[in-house]
Amino acid sequence: MTSELQLLWLALMLYTLAGSTAIGSMVLAKRPEQLILALIMVGLAVHAASIGLRWERIGHGPFITMFEILSSNVWSLLVIYALAYWRVPAVRPAAVVVMPILLIMMAWLLLTSPATGHFPPTYRTVWLYVHMLFGKIFLGTVLVAVGVSGLILLRHAGLGAASLTRLPDDVRLEDLAFRFIMVGFIFESLMLVAGAIWAQDAWGRYWAWDPLETWAFATWLTLVFGIHLRVTVKLRPRQSAVLIMAMFVLAFLTFFGVPFVSTAPHKGAV
Amino acid sequence: MSVSEAKAGAAGTPIASAAAAWLKRLASPRLTLVMLIALGAGVLAYDPDAGARVWLLVAPLFLGALNLSAAMFVSPVFRRQTALFTFHLALLAVVLLVAMGRLTYLQGELELAEGEAFSGELTRIERGPWHRSRLERAQFVNDGFTIRYEKGVRRAETRNGVRWLDDAGREQHAVIGDNEPLVRQGYRFYTSFNKGFAPVFVWHPADGSAPRRGTIHLPSYPIHEYRQALDWTLPGTQVALWTMLQFDEVLLDPEQVSQFRLPETHTLVVRFGATRHELTPGASLTLAQGVLEYERLSTWMGYTVFYDWTLPWLFVACMLAIASLAWHFWNKFAAQPWDR
C-alpha cells in the first residue's frame, strides 16, 4: 500500500507542477505548452501505476470508495484533457482553468481515507466498465468545455489579457466549448443506457428514480436544455460560458455528491 | 402532407389556416424549452413512492411529444438534416415505448422454499392496466442456493439452482443470481437479498383427510438474525401457532469468510396457546385438530420478477437516437475544423 500512495503523491506533485506552470505562464505571458503536457503525461503514467498496484492488491478497480472514485476521476479527466490539449491548440491555455479544478479534487482526494470498501456482487459485470467509461468521457469533455468557457470569462474579466489575445475570438471559443458539450452529451446518453442495462440485470429494473438516476437524468436534461437554448436564442459567448459552467457544476454534484449523501442502492450497498 | 400543401390548404380555408397556425405554435422551439424546464422540475419533484404525482412527468412528456411531432412535421430543419430528424424520431419512439411499457409492465415479489415450484402466485404485485398475465406458464423450481459472505458478513456471490420444463417437455437447468436472471415467458426472475430458513411440516388432520406438507418462511436471515420467529395458522383450521428457530452456532462469522448454511443442530420452539413445545426434526406435536410433524429445516429464497416487453425495442430506439445524433454532430463538426 505504501508504494501505491507514494506513486500517487508523486503523480499529484507532477500535476500540481503542471497546474502551477500553466498559471504562471498566463501571468508571465509565456507559452511552456510542451512542458505542461510532458508533466501531465508523466504524472498520468505514475498515477496509472498507483491505480494498477491498488487494483492488483484489492482485486477490483477503483469504483467503490470516495478515495478510489476521486483518484480514478482525476486520472481520467486528465487523460481526456491531455488528449484535447494535444489535438486542439486552442484548448491549451484552458489549463489555467482546468488544473485548479483538478487540484481541488486532488486536495479532496488527500483528505479521504485510502481504506478499501466492499465490492458488491452486482458490480461483477462488464456493464460496470462500460457505464464508468462513458461517464468518465462525458465528464472529461464537459471539463474541457468548462476550461474553454473559463477563458471567455477570464478575457471578459480582463485577466491574463496578454496571454489570451492570441486565442480565437469569443464566438469561436464558444463554438469550440459547445462542441465538447455535444460530444459529452453523446457519452452521457451512452452512460445512461449502459447504466440502465446494468440496473436491469443487477436490480431487476432499468430505472427506479433513485437519487443518482434522478440527478443523472436532470443533468442530461440540462445539457438538452443548453443545446436547445443555444439554437433557439442566440446566446452571447459569455452567457454560453456561464451555462456550460452550470452544466458542469450539476454534473460534478451528480458524480461526486449524490452517491455519497444518498443511502439508495445505487451507492453499491446491495 | 408537406408544408407547401399545408400552406396551400391554409390559404384555402379559415379552419385550415387556423390549424396551420396552431401547428406552428405547437412546433415552437421556445415551447421545447418550456417543456424541458417543466420536465426538469417534474423529475426533481417526482416521488416514485407517491404514484399520484406521476403526472409531473407525464404532462411535460406528453407536451414534449406533441411539440416534437409538430416540429418534425413543419420545421424545414428536420427535412434538411436526416440525422437530426432520425434522432428526434427515435427520441419520440423512446417516449412512446416507455409509455407502452408502463401500461403493460409487471413487477412483483415471490418466495419459494427449496424444492418448491413457482405456481404463479406473487407476494407483492404491481402492474400496468394492460398487463395480461402469463405467470402461470412461467413455472420453475427452486433447487436451493449458495451465498458466500466476506468478512464482516458482507454478502458476496449468490448462486441459485433452478429447473423448469421447456416447451418440448424437456427438463432444463440453470444457475441464476446477482446479474443473471431466469427468463421465462418474457418474465425475468431475479434472486434477492431476501432469503432465510424454512421449517418443513407435515400436517395430519384428525378428520382423516390427506396429510399436507408445507413450509413456513421465517424472517429473512441474517438481517433478522435475532427475530427468527413467526405467527401462523395451521391449514384448514383456526389454530394459531407461534414458531421460533433456536440454535447456538455462529453461522456467519464476521471475522472470516463464510457461507450461508443450515445449523448443525437446532430446535423449533412451537407455542400453542399457553403451552410451549420444543421440536427436533422428526418430532410431532399432537393437537385436538390433528398431528403436526416437524420434518426438517430447509431454506427459502425471495425473488423479484419483472416483465416489460419493450426492453429490446427501447434499447434499439436509444441506440438509434444516439447513433443518429452522433452522425449529425459528426457532419456538423466535419464542416469546420476544431481549431479555427
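On the stretch given as the stretch B:46-75, residues that are farther than 21 Å from residue B:87 by Cβ, of a type in the set (Gly, Ala, Ser) and at pLDDT below 90 total 3.
Meeting the requirement of 1 or more residues that are farther than 23 Å from residue A:142 by Cα and among the small types (Gly, Ala, Ser), the helices (runs of 4 or more DSSP H) wholly within the stretch A:1-89 are A:2-28, A:33-58. If you go through the stretch A:122-146 and keep only what is modelled with pLDDT under 95 and either of a type in the set (D, E, K, R) or in contact with a Leu (Cβ under 6 Å, 6 or more places away or on another chain) (or both), you end up with just A:124. Limited to the stretch B:255-280, what total is found for residues that are over 12 Å from residue B:148 (Cα atoms) and either touching a residue at least 12 places away in the same chain (Cβ under 8 Å) or outside any loop (DSSP other than H, G, I, E, B) (or both)? Number of matching residues: 18.
Per-residue answers, yes or no, for (1) small (Gly, Ala, Ser); (2) at the interface with chain B (Cβ under 7 Å from one of its Cβ atoms); (3) buried (at least 20 other Cβ atoms within 10 Å of the Cβ); (4) out of contact with any strand residue (DSSP E or B) (no Cβ under 6 Å at 6 or more places or on another chain):
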site	(1), (2), (3), (4)
A:166	no, no, no, yes
A:175	no, no, no, yes
A:190	no, yes, yes, yes
A:209	no, yes, no, yes
A:224	no, yes, no, yes
A:229	no, yes, no, yes
A:235	no, no, no, yes
A:243	no, no, yes, yes
A:259	no, no, no, yes
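Considering (1) touching a residue at least 12 places away in the same chain (Cβ under 8 Å); (2) within 14 Å of chain A (Cβ to nearest Cβ); (3) not polar (S, T, N, Q), the lone condition that residue B:206 does not fulfil carries the number (2).
Among the residues making up the stretch B:298-340, those that are part of a loop (DSSP other than H, G, I, E, B), under 30 Å from residue B:126 (Cα atoms) and out of contact with any strand residue (DSSP E or B) (no Cβ under 9 Å at 6 or more places or on another chain) are B:309, B:310. For the stretch B:179-235, the candidate set comprises residues that are of a type in the set (Asp, Glu) and in a strand (DSSP E or B); within that set, the residue that is nearest to residue A:125 (Cα to Cα) is B:180.
Contact annotation: no residue pair with Cβ atoms under 6 Å, 6 or more positions apart or on different chains, pairs a residue in the stretch B:312-340 that is at the interface with another protein chain (Cβ under 8 Å from one of its Cβ atoms) and on the phi > 0 side of the Ramachandran plot with a partner that is of a type in the set (Lys, Arg) and in a helix (DSSP H, G or I). Taking the listed residues A:150, A:117, the one that is out of contact with any Asp or Glu (no Cβ under 8 Å at 6 or more places or on another chain) and not hydrophobic (A, V, I, L, M, F, W, C) is A:150, with no other qualifying. Is the stretch B:63-77 home to any residue that is away from every other protein chain (no Cβ under 11 Å), outside any helix (DSSP H, G or I) and buried (at least 17 other Cβ atoms within 10 Å of the Cβ)? Scanning the stretch B:63-77 turns up at least one residue that is away from every other protein chain (no Cβ under 11 Å), outside any helix (DSSP H, G or I) and buried (at least 17 other Cβ atoms within 10 Å of the Cβ). Looking only at the stretch B:21-49, residues that are away from chain A (no Cβ under 11 Å) and either exposed (fewer than 14 other Cβ atoms within 10 Å of the Cβ) or out of contact with any helix residue (DSSP H, G or I) (no Cβ under 8 Å at 6 or more places or on another chain) (or both) come to 3 in all. Of everything in the stretch B:174-183 that's within 14 Å of chain A (Cβ to nearest Cβ) and at negative phi, which residue is farthest from the chain's Cα centre (by Cα)? Filtering first and then ranking leaves B:175.
Only a single item in (1) away from every other protein chain (no Cβ under 14 Å); (2) hydrophobic (A, V, I, L, M, F, W, C); (3) under 23 Å from residue B:112 (Cα atoms) is not met by residue B:239, and it is number (3).
Of all residues in the stretch A:6-37, those satisfying the criterion of being loosely packed, with under 14 Cβ neighbours inside 10 Å and of a type in the set (A, V, I, L, M, F, W, C) are A:9, A:27, A:28, A:29.
In the condition set (1) free of Cβ contacts under 8 Å to residues at least 24 places away in the same chain; (2) within 14 Å of chain B (Cβ to nearest Cβ); (3) of a type outside the set (Phe, Trp, Tyr), residue A:62 is compliant with all but (2). Here is a list: A:131, A:118. Which entry is touching a strand residue (DSSP E or B) at 6+ places or on another chain (Cβ under 7 Å) and within 13 Å of another protein chain (Cβ to nearest Cβ)? None of the others qualify; the one that does is A:118. Counting only residues that are in a strand (DSSP E or B), surrounded by fewer than 17 Cβ atoms within 10 Å (Cβ to Cβ) and away from every other protein chain (no Cβ under 13 Å), the stretch B:144-173 holds 7 of them.
Are any residues in the stretch B:237-252 in contact with a Ser or Thr (Cβ under 8 Å, 6 or more places away or on another chain), in a loop (DSSP other than H, G, I, E, B) and more than 12 Å from residue B:263 (Cβ to Cβ), and if so, which ones? Matches in the stretch B:237-252: B:239 only. Within the stretch B:295-310, being more than 7 Å from chain A (Cβ to nearest Cβ), under 18 Å from the mean Cα position of the chain (by Cα) and surrounded by 15 or more Cβ atoms within 10 Å (Cβ to Cβ) holds for B:301, B:302, B:303, B:305, B:307, B:308, B:310.
Consider residue B:139 against the criteria (1) within 14 Å of chain A (Cβ to nearest Cβ); (2) outside any strand (DSSP E or B); (3) within 24 Å of residue A:205 (Cα to Cα): it satisfies all of them except one. Which criterion is unmet? The failed condition is (1).
The values are calculated or read from the model by the stated rules, or taken from the named source; none is laboratory data. Being a predicted model, the structure only gives us computed values, none of them experimental. All Cβ positions, even for glycine, are placed from backbone atoms using ideal geometry, and neighbour counts span all protein chains on display.
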